[in-house]
Amino acid sequence: MKKRILTCLMATVLMFALSGCDELPEIEGLPEIEGLPDIEEVSDIGEFVESFINDEKDIDIEGLFSESSSEESSDGASGEESATEATSEEPELPAGSFEYNGKVASINDDIETILSVISTEDNQTGDNSGNIYYIDTDRMILFTEEVDGVKKPAQLTVHDENLKTSKGISVGSTEEELRAAYGEPSSEADEGSHIMNYDFKDCGITFAVDDKIVAITYFKP
């Protein structure tokens, strides 16, 4: 089969040459073949091709096609690698999510999930009503509410610089870094600190800013 293909390709090249082309055209996928005569010496293309292919010349037909196949395989592998690199980037977390000490949770998770990320049994205390959880006194405070008889998170206030928002902002970040990450706030006001409010579909976030961010508060929508 490959011998037939080679025959057709050689005949095509010679046809181009005999029709007046100054140089033999390059055909993609056809490697250079040694032993071709000058065009002026060829009078019968069919006779020449048949004699050339059937001659005892050492023509490595398998080798002629293996190179192009290898290149195609290499190109395919490169494409797959590029696709892998393109999809290896981690997607951005929802606005209501946060990362703390390598763990991720969201204000929209249940109370147990949030507490498992931000606290331990040793540093967690609650108020008499059982609706507020204090982590290391006030490093973080989780407020809850009862909805249809089920207690759910309502608000999380953070003073710990180790907790980072989904955009990498934390207590200690500057107002410039905050605006660069989140853009202009939905609203802002001066209430002792400069308060910057951002509204999202899954939550609201308020940043209290002095020279730097001093508190971050997540609200349920």
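The values are calculated or read from the model by the stated rules, or taken from the named source; none is laboratory data. As the structure is a prediction and not an experimental result, all values here were calculated from the model. Glycine gets a Cβ as well: all are built from the backbone with ideal geometry, and neighbour counts include every protein chain shown. In case anyone asks, the SASA skips ligands and DNA or RNA and just uses the protein heavy atoms, side chains included. Shrake-Rupley method; radii C 1.70, N 1.55, O 1.52, S 1.80 Å.
Conditions (1) open to solvent by 60 Å² or more (accessible area, probe 1.4 Å); (2) at pLDDT below 95; (3) assigned to a strand (DSSP E or B), marked per residue:
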residue: Ala77; (1), (2), (3): no, yes, no
residue: Glu99; (1), (2), (3): no, no, yes
residue: Thr120; (1), (2), (3): yes, yes, no
residue: Thr137; (1), (2), (3): yes, yes, no
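Taking every residue in region 125-143 that is over 18 Å from Asn101 (Cα atoms) and pairing it with any residue that is among the aromatic types (Phe, Trp, Tyr) and open to solvent by 30 Å² or more (accessible area, probe 1.4 Å), at least 6 positions away or on another chain, the pairs with Cβ-Cβ distances below 6 Å are Thr125/Tyr134; Gly126/Tyr133; Ile132/Phe143. If you check Glu146 against the conditions, is it among the acidic types (Asp, Glu), part of a loop (DSSP other than H, G, I, E, B) and either surrounded by fewer than 18 Cβ atoms within 10 Å (Cβ to Cβ) or in contact with a His (Cβ under 7 Å, 6 or more places away or on another chain) (or both)? No; evaluated as a whole, the condition is false for this residue. Scanning region 149-159 for residues that are farther than 13 Å from Ile111 by Cα and crowded, with 17+ Cβ neighbours inside 10 Å yields Thr157, Val158, His159.
Evaluating Ala215 against the criteria (1) in contact with a His (Cβ under 9 Å, 6 or more places away or on another chain); (2) over 18 Å from Ser97 (Cα atoms); (3) among the small types (Gly, Ala, Ser) leaves one unmet condition, (2).
Listed by first and then second residue, the pairs with beta-carbon distance under 6 Å, at least 6 apart or on different chains, first residue in region 111-123 and at negative phi, second among the acidic types (Asp, Glu), are Asn123/Asp136.
Taken together, the residues in region 186-197 that are in contact with a helix residue (DSSP H, G or I) (Cβ under 9 Å, 6 or more places away or on another chain) and either under 19 Å from Ala105 (Cα atoms) or surrounded by fewer than 18 Cβ atoms within 10 Å (Cβ to Cβ) (or both) amount to 1.
One residue stands out among those in region 101-118 that are assigned to a loop (DSSP other than H, G, I, E, B) and closer than 18 Å to Gly168 by Cα: the one that is most open to solvent (accessible area, probe 1.4 Å), which is Asn101.
Scanning region 198-221 for residues that are closer than 13 Å to Thr174 by Cα and open to solvent by less than 20 Å² (accessible area, probe 1.4 Å) returns Phe207, Ala208, Val209, Ile213, Ala215, Ile216.
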